[in-house]
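Accompanying notes for the structure given below.
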Amino acid sequence: MSDNATNASNFIKTIVIDDLKSGKHDSIVTRFPPEPNGYLHIGHAKSIVLNFGLADEFNGKTNLRFDDTNPLKEDQEYVDAIKEDVKWLGYDWDNLFFASDYFDFMYEKAILLIKKGLAYVDDLSAEEIREYRGTLTEPGKESPFRNRTVEENLELFEQMKDGKFGNGEKVLRAKIDMSSPNINLRDPVIYRIAHATHHNTGDKWCIYPMYAFAHPLEDALEGVTHSICTLEFEDQRPLYDWVIESCETEAKPHQYEFGRLNLTDTVMSKRKLKQLVDEEVVDGWDDPRMPTISGLRRRGFTPESIRNFCREIGVAKTSGIVDVQMLEHFVREDLKLKAPRTMGIVKPLKVVITNYPEGQVEMLDAEINPENEEMGMRQIPFSREIYIEQEDFMENPPKKYFRLFPGNEVRLKHAYFIKCEEVIKDENGNVVELHCTYDPKTKSGSGFNERKVKGTLHWVEATQAVPAEFRLFNPLLQEDDEESTEEKTFMDQVNPNSLEIHEGFVEANMKDVKGGDKFQFFRHGYFNVDPKLTTAEKPVFNLIVSLKSSFKI
């Protein structure tokens, strides 16, 4: 870890403290158990910070365990990406495990359940099993195959393992209670057939344990003391306990649930994120518009900001929605003392200062970061030709418009006062260039105070300016139209304007920037150099976050 901050008090931390005080546990073992069927997103970061943070705080251990029990959806690419994300967030696991390493053990426990009369092979289809399961208000009914003998079940289960049946022909179900008010206990499927090559075990197996059966056994094998998961698994806790008791594991882990993270304007479903990738709405899991850890990293969020955000939102027994502006607040707070200040022009308009000497270039001094004097000074070239933002000029401005317009005077940041004298237009009437004059007495830092101007503009010297691409982002999903009665699919909600690309310029000293470098562009916001798209000829800057927000913490 790169910082020493600890988790704030929460109900899980209180449980850990009590368990250590009472002697129930001498030390704690937590785990982060992602399924490698996609990339991690900001919601997973909350779980990572909680599990690793607790272990760090109480001198325990955290396992990184891949719950890879479904070969149809999992891939080595996701395993590698998850490892990278956990390390980038600042954590290192004590042990690396795969659920697939325990398949022999799980198979033995399934055999034990069959021998105890607590599991049976069922021939019902998936649709029939759902039909037989009943509803929240009606009990289920027993499968006609529920009372097969132990010997018949053992033989059929072995044949399943040996590949004698096709996908979906048979399953192994736990025999619990078809009339239980908890639907999860109505003879859940614990093994299914899947003739597919597994990323870790190859073709050794064609039957695979279901998550609800595998997960408690994995926790027990690893000696996990506090199995922490999100609230949607609360109803599965009785099944978790049933598996532990019925399979006669030596260790007896316990499951604790907390509220998952939901962010405004943010897709938090791995399935939907994969759909965006598969349908090429985004350019990959690491697209800066994505709420994935890799997407946030490419956009420019720092691990410190994400960790601090996750600690601040806390851990509760209920789920809630957090304003995405809170996450943005923490990256601003982290970058304000770290990011060098500079100037960039997103939508350029050329300005010629007609009374400035032709061919002359002077160097102006500016602080690299006024909020962090230790970062020192930088020099900025200034000459007769500069670029300003198109939006900083209006030919016919409204009242209280203090930027540039014909006859008006403004200050150039770190430089001089300039006054607009002439507007140059093309044949279509579009403004393409401004001719201005400057007052040499008004150089920044000169103490000149004969007159005041209300507008200060940022700019970039034109002859040495570095061409750059700016990428600005809007939410991936559009807000629902409350008056619309039309049934919308997820893809109907995708915002077609989530990405804006602009060709502009940055200061001359930015020509050697590298992917991951971060800057604050005056008046625009914090930007990150895109590590995937930047070339030696042209840097690409991703907007991390604007400079200001109305959000109050």
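The values are calculated or read from the model by the stated rules, or taken from the named source; none is laboratory data. Just so you know, these numbers come straight off a predicted model, no measurement behind them. With ideal geometry, Cβ positions are generated from the backbone for all residues, glycine too; neighbour counts draw on all protein chains shown. Protein only, heavy atoms only, side chains kept; ligands, DNA and RNA dropped before computing areas. Shrake-Rupley method; radii C 1.70, N 1.55, O 1.52, S 1.80 Å.
The table below gives the values:
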| quantity | calculated |
| --- | --- |
| Breaking point among (1) in contact with a Leu (Cβ under 6 Å, 6 or more places away or on another chain); (2) modelled with pLDDT of 90 or more, for Pro496 | (1) |
| Failed criterion for Glu158 (all others in (1) out of contact with any strand residue (DSSP E or B) (no Cβ under 9 Å at 6 or more places or on another chain); (2) over 13 Å from Tyr191 (Cβ atoms) hold) | (2) |
| Test: Pro381 is open to solvent by less than 30 Å² (accessible area, probe 1.4 Å) and touching a helix residue (DSSP H, G or I) at 6+ places or on another chain (Cβ under 7 Å) | yes |
| Residue among Lys548, Lys514 that is under 24 Å from Lys336 (Cβ atoms), in contact (Cβ under 8 Å) with a residue 12 or more places away in the chain and surrounded by fewer than 13 Cβ atoms within 10 Å (Cβ to Cβ) | Lys514 |
| Hits in the range 111-133 - residues which are surrounded by 13 or more Cβ atoms within 10 Å (Cβ to Cβ) and within 37 Å of the chain's Cα centre (by Cα) | Ile129, Arg133 |
| Odd one out for Leu156, checked against (1) assigned to a loop (DSSP other than H, G, I, E, B); (2) free of Cβ contacts under 8 Å to residues at least 40 places away in the same chain; (3) among the aliphatic types (A, V, I, L, M) | (1) |
| Hits in the range 72-87 - residues which are of a type outside the set (S, T, N, Q) and either at positive phi or open to solvent by 60 Å² or more (accessible area, probe 1.4 Å) (or both) | Leu72, Lys73, Asp75, Glu77, Asp80, Glu84, Lys87 |
| Residue check, Val453 of a type in the set (A, V, I, L, M, F, W, C), over 26 Å from Leu412 (Cβ atoms) and open to solvent by 20 Å² or more (accessible area, probe 1.4 Å) | no |
| Selection from the range 361-371 of residues that are surrounded by 15 or more Cβ atoms within 10 Å (Cβ to Cβ) and within 39 Å of the chain's Cα centre (by Cα) | Ala366, Glu367, Ile368, Asn369 |
| Contacts under 9 angstrom Cβ, first residue in the range 378-406 being more than 20 Å from Pro357 (Cβ to Cβ) and outside any loop (DSSP other than H, G, I, E, B), partner open to solvent by 60 Å² or more (accessible area, probe 1.4 Å) and of a type in the set (S, T, N, Q), 6 or more apart | Arg378/Asn509 |
| Selected residue [more than 14 Å from the chain's Cα centre (by Cα) and closer than 30 Å to Lys115 by Cα] from Asp323, Asp278, Asp283, Asp241 | Asp241 |
| Filter pass, Ile345 being among the β-branched types (Val, Ile, Thr), under 15 Å from the mean Cα position of the chain (by Cα) and buried (at least 20 other Cβ atoms within 10 Å of the Cβ) | no |
| The lone exception for Tyr401 - which of (1) at pLDDT below 95; (2) open to solvent by less than 20 Å² (accessible area, probe 1.4 Å) it fails | (2) |
| Every residue from the range 224-246 that is surrounded by 17 or more Cβ atoms within 10 Å (Cβ to Cβ) and either among the charged types (D, E, K, R) or out of contact with any Asp or Glu (no Cβ under 9 Å at 6 or more places or on another chain) (or both) | Gln236, Arg237, Leu239, Trp242, Val243, Ser246 |
| Cross-chain or 6+ apart pairs with Cβ under 6 Å, the range 454-480 first and over 14 Å from Glu389 (Cβ atoms), then hydroxyl-bearing (Ser, Thr, Tyr) and open to solvent by less than 60 Å² (accessible area, probe 1.4 Å) | Glu461/Ser383; Thr463/Ser383; Asn474/Ser498; Leu476/Ser498 |
| Pairs where the first residue, in the range 354-374, is under 30 Å from Lys338 (Cβ atoms) and the second is loosely packed, with under 10 Cβ neighbours inside 10 Å, C-beta under 7 Å, 6+ apart | Asp365/Met377; Ala366/Met377; Glu367/Met377; Ile368/Met377 |
| Matching residues, the range 177-206, being hydroxyl-bearing (Ser, Thr, Tyr), open to solvent by less than 30 Å² (accessible area, probe 1.4 Å) and over 34 Å from the mean Cα position of the chain (by Cα) | Ser180 |
| Failed item in (1) surrounded by fewer than 14 Cβ atoms within 10 Å (Cβ to Cβ); (2) under 30 Å from Arg31 (Cα atoms); (3) of a type in the set (Ser, Thr, Tyr), with Thr149 passing the rest | (2) |
| One residue from Glu374, Glu391, Glu358 being surrounded by fewer than 18 Cβ atoms within 10 Å (Cβ to Cβ), closer than 29 Å to Val423 by Cβ and either within 36 Å of the chain's Cα centre (by Cα) or not charged (D, E, K, R) (or both) | Glu391 |
| Qualifying positions in the range 278-297 - open to solvent by less than 10 Å² (accessible area, probe 1.4 Å) and charged (D, E, K, R) | Asp287 |
| Criterion: within 30 Å of Lys83 (Cβ to Cβ), open to solvent by 50 Å² or more (accessible area, probe 1.4 Å) and modelled with pLDDT of 95 or more - qualifying residue of Lys338, Lys350 | Lys338 |
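For (1) out of contact with any strand residue (DSSP E or B) (no Cβ under 6 Å at 6 or more places or on another chain); (2) more than 26 Å from Gly284 (Cα to Cα), each residue gets a yes or a no:
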residue: Cys420; (1), (2): no, yes
residue: Ser444; (1), (2): yes, yes
residue: Ala465; (1), (2): no, yes
residue: Met491; (1), (2): yes, no
residue: Val494; (1), (2): yes, no
residue: Glu507; (1), (2): no, yes
residue: Gly525; (1), (2): no, no
